[in-house]
Amino acid sequence: MAKKKGSIVYKCSSCGYTQPGWLGRCPQCGEWNSLEECITDPNASTPSLKADGTTVKIKPVPMSKIQMEDEGRISTGDSEFDRVLGGGATLRSAILIGGEPGIGKSTLLIQTVSEIMKQRHSANSFRILYVSGEESASQIKARAVRLSLAVDAMEILCTMRLEDILDALDSINPAVVIIDSIQTVYSVQAGMIPGTVNQLKYCANELISWVKERNSVLFMTAHITKDGMIAGPKSLEHMVDTVITFERNSNDDFRFLHALKNRFGSVNELGIFVMDANGLQTVADPNALFITKRKNGIPAGIACVPVFEGSRVFVVEIQALTVPAKSSMNRVYSDKIDSARISRVAAVLEKRAGLRFSDQDIYINVAGGIRLTESAIDAALATALYSARTDIPIPEHTAILGELSLAGEIRPVTKMKERVKAAKEMGFTTLLAPQAISGEAISVEDIQSLIRATFKTAASKKQ
């Protein structure tokens, strides 16, 4: 059933009398020039509108008269989750969390509810509503019992009808609302089949509109497609304030939480968790995840680089392998670093360093399963490829950073001092960078000087 369109009426500002046409004088109270143009909204359900369904026509306000309000936040009780959100969940905001089935979206949210309840001693004044369209109430309680979570004060509503959800929201007025998942919610106003484009846009808009008018936070989980994108129209991501993706690494134990969009914080922060029998646990030492501990030295094709993820620096290990091409065309196999970047770096090495890669298949991996996108990894990637191709290992405790231009130049990157400091704290004694920083890093200007500085010691030992 389609929504009814609003109509224009004229309402007296003195007595409230309404009529379809404008008059200079109100027929009921006799006031002159008191009739104002209003719009009736038969679908209006927000308490800010008038009881008769009318609202005064919105007019622009000068910027100088707008008062700024402090953004209140609710801590999730988890430092990693709070970091990704920008310091906690902002009031009157909508947060969309997408991830593949079984990755732990529901576990993350029910653990968040438990932590919030620990911080809030009065459940009567701080209520939490968990709406599930996929699981039964007994399944949700079984998960909470299995994880030993104290969520007895949480209220559960198992339904897929939007109208039932809105009625429950109006009756209990919760401070935190969880919708698991938004693809299961439907409204008779947009059809009877959940998951359609119209259903997602309409239902999400109604829920977001409700939370925007109250000091509440809305969490919505979302399905993803086989390509890893959030299912449904792209406008769903535009409607919410924060879009978070939940990913896992290759060994299926670690989970990476990062924001694709955040109106109240940085989109570069990374949250790292490990999934065990007790649910999602924060990783105490993230750097240990990205560096492999070896007893017999570093093999060829391994290079380390300090990378920035939000406000933190991680030293990450890039692994490269080259083998003769199995066909007339070489191929690049990589899912953690863009294949186009790898091909570009290999082409620069072939042109500027005289090392042939056009007849080689290239395999690239990143320890820990993190995805690398910044240009600061170019120099380390180049040395890893050179090491793999020549079978000369890079000396231990060596970190490399810098951007590689097509001319073979090693260019500076942002926050050099912070990267060098983090590498030093991790035990790296030799650092190669585009510019020396207070004598703590060896300066390299181009790909030739980078290769000489990196492999000079290793080559002499091999000879």
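The values are calculated or read from the model by the stated rules, or taken from the named source; none is laboratory data. What you are looking at is a predicted structure, and each value in this text was computed from that prediction instead of being measured. Here the Cβ positions follow ideal geometry from the backbone for every residue, glycine too, while neighbour counts run over all protein chains shown. Remember, those area values only see protein heavy atoms, side chains included, never the ligands or the DNA or RNA. Shrake-Rupley method; radii C 1.70, N 1.55, O 1.52, S 1.80 Å.
Exactly one of (1) more than 21 Å from Ile337 (Cα to Cα); (2) open to solvent by 10 Å² or more (accessible area, probe 1.4 Å) is unmet by Val413. Its number?
Result: Val413 fails condition (1) only.
Among the candidates Glu425, Glu403, Glu418, which residue alone is acidic (Asp, Glu) and touching a Ser or Thr at 6+ places or on another chain (Cβ under 7 Å)? If you could, list the steps in order and put the result at the bottom.
Numbers: Glu425 fails: touching a Ser or Thr at 6+ places or on another chain (Cβ under 7 Å); Glu418 fails: touching a Ser or Thr at 6+ places or on another chain (Cβ under 7 Å).
Going through Glu425, Glu403, Glu418 in turn, the sole match is Glu403.
Could you grab me the full set of residues in the stretch 114-153 that are of a type outside the set (D, E, K, R) and part of a helix (DSSP H, G or I)?
Step one: of the stretch 114-153, the residues of a type outside the set (D, E, K, R) are 114, 116-117, 119, 121-126, 128-133, 136-140, 142, 144-145, 147-151, 153.
Ser114, Ile116, Met117, Gln119, Ala137, Ser138, Gln139, Ile140, Ala142, Ala144, Val145, listed by residue number.
Given the options Glu213, Glu237, name the one that is modelled with pLDDT under 95, open to solvent by 30 Å² or more (accessible area, probe 1.4 Å) and acidic (Asp, Glu). So that I can check it myself, show each step before the final result.
Numbers: Glu237 fails: open to solvent by 30 Å² or more (accessible area, probe 1.4 Å).
On inspection, the qualifying residue turns out to be Glu213.
Which of (1) surrounded by 17 or more Cβ atoms within 10 Å (Cβ to Cβ); (2) closer than 17 Å to Gly77 by Cβ; (3) touching a Ser or Thr at 6+ places or on another chain (Cβ under 8 Å) is the odd one out, the single condition Leu147 does not satisfy?
Leu147 satisfies every listed condition except (1).
How many residues are without any contact (Cβ under 8 Å) to a residue 12 or more places away in the chain, charged (D, E, K, R) and open to solvent by 50 Å² or more (accessible area, probe 1.4 Å) when one looks only at the stretch 67-98? Explain how you work it out, then say what you get.
The first filter runs over the stretch 67-98 and keeps only residues without any contact (Cβ under 8 Å) to a residue 12 or more places away in the chain, leaving 67-70, 82.
Restricting the remaining residues to those that are charged (D, E, K, R) gives 69-70, 82.
Filter again for open to solvent by 50 Å² or more (accessible area, probe 1.4 Å), leaving 69-70.
Residues flagged as without any contact (Cβ under 8 Å) to a residue 12 or more places away in the chain, charged (D, E, K, R) and open to solvent by 50 Å² or more (accessible area, probe 1.4 Å) within the stretch 67-98 amount to 2.
Scan the stretch 181-203 for residues that are in contact (Cβ under 8 Å) with a residue 40 or more places away in the chain and either crowded, with 23+ Cβ neighbours inside 10 Å or touching a His at 6+ places or on another chain (Cβ under 7 Å) (or both) and jot them down.
Ser181, Ile182, Gln183, Val185, Cys203
Against the conditions (1) surrounded by fewer than 22 Cβ atoms within 10 Å (Cβ to Cβ); (2) part of a helix (DSSP H, G or I), where does Asn365 fall short? Just the number, please.
So the condition that Asn365 fails would be (2).
When you go through (1) open to solvent by less than 50 Å² (accessible area, probe 1.4 Å); (2) over 21 Å from Ser93 (Cα atoms); (3) more than 16 Å from the chain's Cα centre (by Cα); (4) of a type in the set (A, V, I, L, M) one by one for Ile224, which number turns out not to apply?
Ile224 satisfies every listed condition except (3).
For the condition over 19 Å from Arg452 (Cβ atoms) and hydrophobic (A, V, I, L, M, F, W, C), what is the one hit in Ala388, Ala382, Ala367? Talk me through it step by step, then tell me what you get.
Details: Ala388 fails: over 19 Å from Arg452 (Cβ atoms); Ala382 fails: over 19 Å from Arg452 (Cβ atoms).
Exactly one residue qualifies, and that residue is Ala367.
Could you give every pair whose Cβ atoms fall below 7 Å, whose first residue belongs to the stretch 389-406 and is in a loop (DSSP other than H, G, I, E, B), and whose second residue is open to solvent by 50 Å² or more (accessible area, probe 1.4 Å), counting only separations of at least 6 or pairs across chains?
Qualifying pairs under 7 Å: Ile392/Lys462; Pro393/Pro299; Pro395/Thr457; His397/Thr429; Gly402/Arg411; Ser405/Arg411.
Taking the stretch 276-303, which residues are in contact (Cβ under 8 Å) with a residue 24 or more places away in the chain, open to solvent by 50 Å² or more (accessible area, probe 1.4 Å) and either closer than 30 Å to Glu237 by Cα or among the basic types (Lys, Arg) (or both)?
First pass over the stretch 276-303, keeping only residues in contact (Cβ under 8 Å) with a residue 24 or more places away in the chain: 278-280, 282-283, 286-287, 289-292, 297-303.
Now narrow it down to the ones that are open to solvent by 50 Å² or more (accessible area, probe 1.4 Å): 278, 282, 292, 299.
Thr282, the sole residue that qualifies.
Could you check the stretch 373-393 and list, in sequence order, the residues that are among the aliphatic types (A, V, I, L, M) and either crowded, with 23+ Cβ neighbours inside 10 Å or over 20 Å from Ala300 (Cβ atoms) (or both)? Walk me through it before giving the result.
From the stretch 373-393, those among the aliphatic types (A, V, I, L, M) are 376-377, 379-382, 384-385, 388, 392; that's our starting set.
Across the stretch 373-393, the qualifying residues are Ala376, Ile377, Ala379, Ala380, Leu381, Ala382, Ala384, Leu385, Ala388.
In the stretch 254-275, which residues are within 23 Å of Met229 (Cβ to Cβ), of a type in the set (Val, Ile, Thr) and surrounded by fewer than 21 Cβ atoms within 10 Å (Cβ to Cβ)?
Val267
Let's see how each residue does on (1) out of contact with any Asp or Glu (no Cβ under 8 Å at 6 or more places or on another chain); (2) of a type in the set (Gly, Ala, Ser); (3) at positive phi:
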{"position": "Asp361", "(1), (2), (3)": "yes, no, no"}
{"position": "Asp378", "(1), (2), (3)": "no, no, no"}
{"position": "Ala382", "(1), (2), (3)": "yes, yes, no"}
{"position": "Ile394", "(1), (2), (3)": "yes, no, no"}
{"position": "Ile400", "(1), (2), (3)": "yes, no, no"}
{"position": "Thr429", "(1), (2), (3)": "yes, no, no"}
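State which residue pairs qualify: first residue touching a residue at least 40 places away in the same chain (Cβ under 8 Å) and open to solvent by less than 40 Å² (accessible area, probe 1.4 Å) and inside the stretch 304-325, second residue assigned to a loop (DSSP other than H, G, I, E, B) and among the small types (Gly, Ala, Ser) in any location, beta carbons under 6 Å apart, and separation of 6 or more residues or different chains.
Gly310/Ser266; Ala320/Gly301
For residues in the stretch 333-353 being within 16 Å of Gly408 (Cβ to Cβ) and open to solvent by less than 60 Å² (accessible area, probe 1.4 Å), which is modelled with the lowest pLDDT? Walk me through how you get there before you give the answer.
Initial filter on the stretch 333-353 (within 16 Å of Gly408 (Cβ to Cβ)): 341, 343-353.
Subsequent filtering for residues that are open to solvent by less than 60 Å² (accessible area, probe 1.4 Å) retains 341, 343, 345-349, 353.
Details: Arg341: 96, Ser343: 95, Val345: 96, Ala346: 96, Ala347: 95, Val348: 96, Leu349: 95, Ala353: 92.
Across the stretch 333-353, the extreme among qualifying residues is Ala353.
With the condition being modelled with pLDDT of 90 or more and touching a strand residue (DSSP E or B) at 6+ places or on another chain (Cβ under 6 Å), I'd like the strands (runs of 3 or more DSSP E) fully within the stretch 1-113 carrying at least 1 qualifying residues. So that I can check it myself, show each step before the final result.
Values: elements: 7-12, 35-40, 54-56, 93-99.
It comes to 93-99.
In the stretch 240-253, which residue that is open to solvent by less than 40 Å² (accessible area, probe 1.4 Å) and under 21 Å from Ala277 (Cβ atoms) is modelled with the highest pLDDT? If you could, list the steps in order and put the result at the bottom.
First, pick out the residues of the stretch 240-253 that are open to solvent by less than 40 Å² (accessible area, probe 1.4 Å): 240-246, 249.
Next cut, under 21 Å from Ala277 (Cβ atoms) only: 246, 249.
On the way: Phe246: 89, Asn249: 73.
The qualifying residue modelled with the highest pLDDT is Phe246.
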